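The values are calculated or read from the model by the stated rules, or taken from the named source; none is laboratory data. Since we're looking at a predicted model, the values are computed, not measured. Cβ coordinates were reconstructed from backbone atoms using ideal geometry, including for glycine residues, and neighbour counts include every protein chain displayed.
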Amino acid sequence: MHSSPGSDAARSTGKDHRYHSVMSGPPVLKSGGLLGHTRAFADDPLGMFSLLLETFPNEEVVRIRFGPFMDYAVTGAEAARQLMLGGHDHLVRPWFFNRVFKEMSGLNLFTANGEEWSWRRKMIGPAFHSAEIAGMADTMVSIAERVARNWHVGDRIDLTEEMTSLTLEVAGQALFGVDVRADDRGRRLALAFEGMIQWTNYRVERFFSEPVWAPTARAARARRAIGVVGSIAAEAVAERRAQGGEHHDLLQLLLDSRDAETGEPLGDLEVVSEAKAFFFAGHETTSSALSWAWLELARHPDIANALREELTRVLDGRSPELSDLEDLDLTRRIVEESLRLHPPAMVLTRRTHGAVEAGGYRIPRNRGILVLIYAIHRNPKYWDAPHTFDPDRFTPNRSRGRPAHAFLPFGEGPRMCVGSRFAMTEACLILATLAQRWRFEVEEPTEVKPDTRFVLKPARLSATVLGGL
Ligand code: HEM
């Protein structure tokens, strides 16, 4: 995979954008065989991203062949900005990935395109105000505290699994009002989610696989899991409508969303579908960010010590609150640096519905685009020692002069993650709560492998729970 750069590299090095004619287009990564890079991309996407950066250090857009198709891969910050902001009207989420999310959650903010997407975004986007998120901060902390109370010195745990069940618990509470550890409905939700992830991994790993309505045992299992999440969401909506009263959670945020022009709320079925999208898009991504943060802290004891010093200075043993986040500067930078080095959403995928411009090239209509967040986050043009975990690179001093779009873990432009503030709040509060109480000894931290199937996360993070501060 990591073959040395061939003549494409020589052709691209030192080129000025004006040099490329519209006809020639961005350089193409050489590949043998009928399938092009399909196999390499599926087997080792991270290796593929590094290869592109090494081969075309001066390009922002290159081409990769997948069978008969030629996709455009974006490795530069400026080209990503141009596309996601300027080209937005000519881009849609492509069918290949979207079909799986649609099978899971139906039509919603995540899966809709064009007008169908636009009105949803106008309704739901503004509801994600700080005030709404503030109401959920206490829930995040109290769930993290409960998890922390359940651990004992010497316990052997898998931190990736623990972070997944922790963020699942926050999502279960914030979206469906259920307790995934304690009540029956919550446990059914957790099991169903597991089934949905298995189905997603199965579908995205294969170009040819049966759809969810197919008469196979695997598809039937997925249908049951999807049905369980749908019925739990519908029950939560019905109960909340019946209860009334004041609530501060993601479900209420959806119920309170209003069409800016007509003042109309979302219908019940729409709320259910959006809740499923939040559930699906939100919790595995946040748990991945936390898992990477623990791994990097294990690899860098000096940074772990500095974190504990910050927590002692700011919190002095008490639980963190939302208002503490502005003083928990290193905590936030650790989360940001984890998101840079290991972005849970490694790639943004799009299809052009009209021609767009990026990186000095014109990309015609009906082409596939991959915005390689992972590659942009490790592009040496923007980051010194790009493979090193260094939270200080996010201090104002060291951020000066760096293009803002060199860091885009939540995407960019009108389709940027609606839950980014919720996710940052959750990750920082959970990290602060747990790191105050526990330290972990991670087994062979340099050997931990990434799992690249759904979101980028550590495959396994076996650890022993050590004492507190
Ligand atoms: C660390 C955690 C998270 C990461 C890294 C992340 C990343 C992303 C990215 C990269 C996108 C853009 C996808 C694209 O343009 O194709 C996105 C979209 C989205 N995210 Fe997140 N996300 C996170 C947490 C959340 C949370 C907590 C929620 C909900 C509570 C959420 C809900 C959504 C939704 C609904 C969209 C679609 C927005 C649209 O298309 O208008 N995400 N996310």
Go through (1) at pLDDT 90 or above; (2) away from the ligand (no atom under 16 Å from the Cβ); (3) not aliphatic (A, V, I, L, M) and name the single condition Trp292 misses.
(2)
With the requirement that a residue be among the small types (Gly, Ala, Ser) and closer than 17 Å to Gly135 by Cα, what does the range 237-267 give you?
Gly244, Gly245, Ser257
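This table checks each residue for (1) part of a helix (DSSP H, G or I); (2) within 16 Å of the ligand (Cβ to nearest atom).
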position: Arg149; (1), (2): yes, no
position: Glu162; (1), (2): yes, no
position: Asp179; (1), (2): no, no
position: Arg187; (1), (2): yes, no
position: Glu194; (1), (2): yes, no
position: Thr200; (1), (2): yes, yes
Checking Leu253 against (1) within 21 Å of Ala423 (Cα to Cα); (2) surrounded by fewer than 22 Cβ atoms within 10 Å (Cβ to Cβ); (3) hydrophobic (A, V, I, L, M, F, W, C), which test does it fail?
(2)
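This table checks each residue for (1) under 30 Å from Ala222 (Cα atoms); (2) in a helix (DSSP H, G or I); (3) free of Cβ contacts under 8 Å to residues at least 24 places away in the same chain.
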{"position": "Phe49", "(1), (2), (3)": "no, yes, no"}
{"position": "Leu52", "(1), (2), (3)": "no, yes, no"}
{"position": "Asn58", "(1), (2), (3)": "no, no, no"}
{"position": "Val62", "(1), (2), (3)": "no, no, no"}
{"position": "Met70", "(1), (2), (3)": "no, no, no"}
{"position": "Arg81", "(1), (2), (3)": "no, yes, no"}
{"position": "Phe96", "(1), (2), (3)": "yes, yes, no"}
{"position": "Arg99", "(1), (2), (3)": "yes, yes, no"}
Checked against (1) out of contact with any Ser or Thr (no Cβ under 8 Å at 6 or more places or on another chain); (2) surrounded by 21 or more Cβ atoms within 10 Å (Cβ to Cβ); (3) not in a helix (DSSP H, G or I), Ala171 satisfies every condition except (3)
Among residues of the range 410-451, those that are more than 16 Å from the ligand (Cβ to nearest atom) and of a type in the set (Phe, Trp, Tyr), counted:
2
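To keep it simple, each residue is scored yes or no on (1) touching an Asp or Glu at 6+ places or on another chain (Cβ under 8 Å); (2) touching a residue at least 60 places away in the same chain (Cβ under 8 Å); (3) not in a helix (DSSP H, G or I).
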site: His283; (1), (2), (3): no, yes, no
site: Ser288; (1), (2), (3): no, yes, no
site: Trp292; (1), (2), (3): no, yes, no
site: Glu296; (1), (2), (3): yes, yes, no
site: Leu307; (1), (2), (3): no, yes, no
site: Val314; (1), (2), (3): yes, no, no
site: Arg318; (1), (2), (3): no, no, yes
site: Ile334; (1), (2), (3): yes, yes, no
Does the range 390-407 contain at least one residue that is within 12 Å of the ligand (Cβ to nearest atom) and in contact (Cβ under 8 Å) with a residue 24 or more places away in the chain?
yes
Checking Ala459 against (1) of a type outside the set (D, E, K, R); (2) within 16 Å of the ligand (Cβ to nearest atom); (3) touching an Asp or Glu at 6+ places or on another chain (Cβ under 6 Å), which test does it fail?
(2)
Filter the range 109-140 down to residues that are of a type in the set (A, V, I, L, M, F, W, C), in a loop (DSSP other than H, G, I, E, B) and in contact (Cβ under 8 Å) with a residue 60 or more places away in the chain and give me whichever is surrounded by the fewest Cβ atoms within 10 Å (Cβ to Cβ).
Phe128
Count, please, the residues in the range 107-136 that happen to be within 12 Å of the ligand (Cβ to nearest atom) and touching a His at 6+ places or on another chain (Cβ under 7 Å).
2
Being in contact with a Gly (Cβ under 9 Å, 6 or more places away or on another chain) and either in contact (Cβ under 8 Å) with a residue 24 or more places away in the chain or over 23 Å from Arg81 (Cα atoms) (or both) is the requirement here; does Ala435 meet it?
no
Got a sec? Which of Arg362, Arg308, Arg313 is more than 16 Å from the ligand (Cβ to nearest atom) and in contact with a Leu (Cβ under 6 Å, 6 or more places away or on another chain)?
Arg308
Enumeration of residues in the range 341-359 that are within 11 Å of the ligand (Cβ to nearest atom) and charged (D, E, K, R)
Arg350
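A quick yes/no check of all residues on (1) within 13 Å of the ligand (Cβ to nearest atom); (2) β-branched (Val, Ile, Thr); (3) more than 18 Å from the chain's Cα centre (by Cα):
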residue	(1), (2), (3)
Arg93	yes, no, no
Ser105	yes, no, no
Asp138	no, no, yes
Ile143	no, yes, yes
Sole residue being of a type in the set (D, E, K, R) and within 30 Å of Thr446 (Cβ to Cβ), chosen from Glu205, Glu235, Glu239
Glu205
